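*Asks:* Have a look at the structure that comes next, please.
Rule-based calculations on the coordinates, nothing more; no lab input. Given the structure is predicted, the values throughout are model-derived calculations rather than measurements. All Cβ positions, even for glycine, are placed from backbone atoms using ideal geometry, and neighbour counts span all protein chains on display.
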Amino acid sequence: MKPAFALMALLLCLQRAVAWDYELHRLIHELALASLPTHFPAFTTTHNSRERIAFLSGEPDRWRNTGDVPLRHANGPEHYFDVDDLEHLGIAPEKISPFREQFILQVHAGRAAHPDRFPPIDPKKDPDHVKWFPGLLPWKIAEDYARLKSAFSYLQTFEKDGTPDEVANAQANVVHLMGIMGHYLADAAQPLHTTRHFNGWVGPNPKGYTTNKTFHAWIDGNFLKRVGFDRPALLKRVRPAELAWKGDPKKLRDHIFPVALDYVRHQFELVEPLYQLEKEGKLSADSESAAEGREFLLRQLLVAGQQLGDFWYSAWQQAGPDTFLQVYLARRKLEESKRERANP
């Protein structure tokens with residue numbers, strides 16, 4: 001029996017990192033792919049690429065299956081951001097640093113300034129050493145966007161002056177990054193990944209919201225599996241991808257963090273409405289009002305797919321030339337030309 005109990009304990013510890021089940025993550029990526037314009041790079045929309053992107057939608061959740069604590073410590077907080085912790089930390093949203101290391105220092109300072117707001121953490125219940133921290137989801141989204149934009153940049157340069165193998169490898173990197181970064185944008189659209197109330201209400205509960213520890217899993221996919229939904233109809237609701245921000249693109253072209261943070265904060269505004277739906281029985285598969293709960297979650301899947309498509313599209317549109325690589329390839333071409341002249 002001991003191995004079974006150990007596995008159960010591990011799953012409970014890792015539950016914090018889960019949002020949407022694998023099938024819904026795949027669906028979100030399919031929605032994003034459906035939003036892309038016809039002139040988006042064709043190699044990303046072949047059958048093999050679409051399947052690769054959809055498969056990779058679940059990769060960051062697979063990392064949680066490891067027993068290696070350093071990976072769980074680094075990976076776990078990237079799946080969530082407890083917006084309601086900011087008030088306890090004394091950090092105003094407009095004062096949040098866009099740099100993850102500086103934000104970590106802000107959290108340390110906030111905990112030191114308000115120790116009465118943070119009860120001691122039982123080490124036995126925190127094997128990954130993450131319970132002191134509100135999460136890093138907006139930073140992960142912004143950083144992965146920059147990685148994808150970089151990949152589009154060097155792909156353009158390799159297409160002009162690189163070898164066929166270099167172009168193929170650069171294309172493979174783009175597909176990989178599209179799949180991985182999509183997971184986190186999808187996580188952010190699950191409201192329970194933006195709050196300390198991620199699996200049942202915690203602390204004072206004057207409105208009597210559920211404290212059930214199966215709530216998170218129910219929202220991640222079990223409810224929609226029970227009530228069902230029209231997948232083709234949802235795909236038809238996708239609008240064309242557009243830039244992920246409004247206004248002057250030059251102001252955000254190299255600093256997407258404010259957009260990522262606003263996206264997460266908007267989903268946080270839906271935490272109480274989600275709990276209210278559960279309280280009213282609209283998230284019960286046997287309820288006559290289940291259609292309202294289903295539509296709420298389908299909208300969130302659509303929000304995730306649209307935001308993901310917008311980020312993919314924006315990274316492609318905003319990718320400038322990789323000047324460092326241009327110089328390197330030009331020098332390589334010149335050296336090859338010299339060797340050819342020296343050895344006709």
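*Asks:* Starting from the Cα-Cα distance between residue 276 and residue 122, subtract it from 0.36 nm times their residue separation and give me the gain in nm to one decimal.
*Replies:* Between residue 276 and residue 122, full extension yields an extra 52.3 nm.
*Asks:* Using a Cα distance threshold of under 28 Å, what count of lysine pairs results for the range 84-160 when pairs must be 8 or more residues apart or interchain?
*Replies:* Here the count comes out as 8.
*Asks:* Peptides 95-106, 302-313: what's the order by average Cβ count within 10 Å, highest mean first?
*Replies:* Sorting 95-106, 302-313 by mean packing, highest first, produces 302-313, 95-106.
*Asks:* With a/c under 1.5 counting as rounded, go ahead and sort the range 170-234 into rounded, prolate or oblate using the C-alpha gyration tensor (a ≥ b ≥ c being the square roots of the eigenvalues; past the cut-off, prolate if a/b is larger than b/c, else oblate).
*Replies:* oblate
*Asks:* Here's a follow-up. Just want the ordering: 64, 231, from fewest to most Cβ atoms lying within 10 Å of their own Cβ.
*Replies:* In increasing order of surrounding Cβ atoms, one gets 231, 64.
*Asks:* If the reach is capped at under 16 angstrom between alpha carbons, list the aspartates and glutamates near residue 246, excluding any in the same chain fewer than eight residues apart.
*Replies:* In chain and number order, the partners are 254, 262, 310.
*Asks:* Also, quick follow-up: Only four residue types carry charge here, +1 at the Cβ of Lys and Arg and -1 at the Cβ of Asp and Glu. Report the dipole size of the range 21-72 about the Cα centre in Debye, rounded to the nearest 20.
*Replies:* 100 debye
*Asks:* If I stretch the segment between residue 317 and residue 286 completely, what's the gain in nm (0.36 nm per residue apart, minus their alpha carbon distance), one decimal?
*Replies:* 6.6 nm
*Asks:* List, in the order given, every pair from 236/282; 207/236; 213/282 whose Cα-Cα distance in the structure shown is over 29 Å.
*Replies:* 207/236
*Asks:* Report the Cα centroid-to-centroid distance between the range 30-82 and the range 308-344 in angstrom, as an integer.
*Replies:* Each part reduced to its Cα centre gives a spacing of 27 Å.
*Asks:* For the charge dipole of the range 124-184, defined by +1 on Lys and Arg C-beta atoms and -1 on Asp and Glu C-beta atoms about the Cα centroid, which residue among 146, 173, 130 has the Cα displaced farthest towards the positive pole?
*Replies:* 130
*Asks:* Given labels modelled 7 Å from the Cα in the Cβ direction, how far is it in nm from residue 230 to residue 88?
*Replies:* Modelled inter-label distance: 4.3 nm.
*Asks:* Assuming R0 = 56 Å, what is the FRET efficiency of residue 342 and residue 239, from their Cβ-Cβ distance, to the nearest 0.05?
*Replies:* Using R0 = 56 Å, I get an efficiency of 0.45.
*Asks:* Could you work out how much longer the chain between residue 295 and residue 334 gets when fully extended? Use 0.36 nm per residue separation minus the Cα distance between them, nm to one decimal.
*Replies:* 8.0 nm
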